[in-house]
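Undergrad: Take a look at the following structure, please.
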Amino acid sequence: MYDNVKIPFSLMNQAIYILESIDISNYSDTFLADYYDLLQNLRRKKDSLHLHEAYAGIINAKDDDSRHFARMRYLQLKRDIKGDF
């Protein structure tokens, strides 16, 4: 029905926190697959939003020094998220 829905960032963080806090040791494999898929997608979306914000810092930088700092921050964050060492 709907492909995309906007929710507040704080609500997404709260959902991730609650999902991470649930004791899932007694659930079926089917439930666990859905649980881990949901949690992974929420975390991926959160990471994507952080990258977008960091990239906006590059675009909106006021001078070359702040643009360079913002770019280094963005690249470090991207490395951390992607797992590239």
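Undergrad: How long is the gain from R44 to R79 if the chain were fully straight, where each residue apart is worth 0.36 nm and the alpha carbon distance is subtracted? Walk me through the numbers before you get to the answer.
TA: Values: separation 35, 0.36 × 35 = 12.60 nm, distance 1.39 nm.
The R44-R79 span can extend by a further 11.2 nm.
Undergrad: Let me ask something else about it. With a cap of 14 neighbouring Cβ atoms within 10 Å, and only residues DSSP puts in a loop, list the trypsin sites (Lys or Arg not before Pro) found in the range 49-81. Write down the numbers at each step before the final one.
TA: Details: sites: K62, R67, R71, R73, K78, R79; in loops: K62.
Sparse-neighbourhood loop trypsin sites (Lys or Arg not before Pro): K62.
Undergrad: Run the dipole for the range 9-82 about the Cα centre, Lys and Arg Cβ at +1, Asp and Glu Cβ at -1, nothing else charged, and hand back the magnitude in debye, nearest 20.
TA: 400 debye
Undergrad: If you don't mind, there's one more thing I want to ask. With a point put 7 Å past each Cα toward its Cβ, work out how far M12 is from L51 in nm, to one decimal.
TA: 1.3 nm
Undergrad: Give a quick list of chymotrypsin sites (Phe, Trp or Tyr not before Pro) in the range 1-32 that DSSP marks as loop, anything other than H, G, I, E or B, with at most 13 other Cβ atoms within 10 Å.
TA: Details: sites: Y2, F9, Y17, Y27, F31; in loops: Y2, Y27.
Qualifying residues, ordered by number: Y2, Y27.
Undergrad: Something else now. Hey, which of these cross-link pairs are over 20 Å Cα-Cα: K6/K78; K6/K46; K6/K45; K6/K62? Spell out each step's value before the answer.
TA: Values: K6/K78 23 Å; K6/K46 13 Å; K6/K45 12 Å; K6/K62 30 Å.
The pairs that break the limit, which is 20 Å between Cα atoms, are K6/K78; K6/K62.
Undergrad: Can you match log10 I(q)/I(0) by the Debye sum over Cα atoms at q = 0.15, 0.16, 0.17, 0.25 Å⁻¹ to one of these, [x] -0.73, -0.79, -0.85, -1.17; [y] -0.64, -0.68, -0.72, -1.08; [z] -0.48, -0.54, -0.60, -1.21, based on a calculation from the structure here?
TA: The value matching this structure is [x].
Since every read-out is calculated from the coordinates, none of them should be taken as a lab result. The structure displayed is predicted, hence computed values, not measured ones. Cβ: placed from backbone, ideal geometry, glycine included. Neighbour counts: every protein chain shown.
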